[in-house]
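The values are calculated or read from the model by the stated rules, or taken from the named source; none is laboratory data. The structure displayed is predicted, hence computed values, not measured ones. Here the Cβ is made from the backbone with ideal geometry for all residues, glycine too, and neighbour counts use every protein chain on show.
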Amino acid sequence: MPAEVTHPVEASPKVPSNPNLASDFHKALMNMINEFDAQLDHEHEVGMKLVSFGKTIQFHVSQIGYVNPSLITFAGFTPEEHPVKLIQHVSQLSFLLMEVKRLKPEEPKKRIGFTIEG
């Protein structure tokens with residue numbers, strides 16, 4: 001009986017971290033937003049102003065999420081307390097961080113949360 005020939009099994013190559021993934025953009029955004037939030041007093045929270053929709057949209061940011069490889073999501077409330085969610089490709093990110101009066105100043109100030117979607 002001939003000897004059985006075996007081939008060495010190669011370990012799966014390690015996939016390098018991709019700095020262009022939404023998760024990496026998300027980390028950088030959260031750091032910048034948390035630094036901005038740390039400068040605000042107790043009466044204000046982080047808001048965003050978007051100007052690329054034909055009109056200006058302002059909202060209070062409550063969550064930032066991502067879907068790899070390339071989507072970032074922003075959720076929150078308009079000044080009239082209507083829920084909003086923006087889904088944007090990482091190559092199109094452009095917004096203005098701003099301080100806005102808290103919608104519910106009687107409640108404890110909350111830090112912006114994050115979600116991983118998809």
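Looking across region 45-70, just one residue is surrounded by 15 or more Cβ atoms within 10 Å (Cβ to Cβ), of a type in the set (Phe, Trp, Tyr) and over 13 Å from the mean Cα position of the chain (by Cα), and that is Phe59. Taking first residues from region 68-84 that are under 16 Å from Asn18 (Cα atoms) and partners that are at pLDDT 95 or above and of a type in the set (Phe, Trp, Tyr), no Cβ contact under 9 Å between residues at least 6 apart in sequence or on separate chains turns up.
In this structure, Phe59 does not qualify as in contact with a His (Cβ under 9 Å, 6 or more places away or on another chain), of a type in the set (A, V, I, L, M, F, W, C) and modelled with pLDDT under 85.
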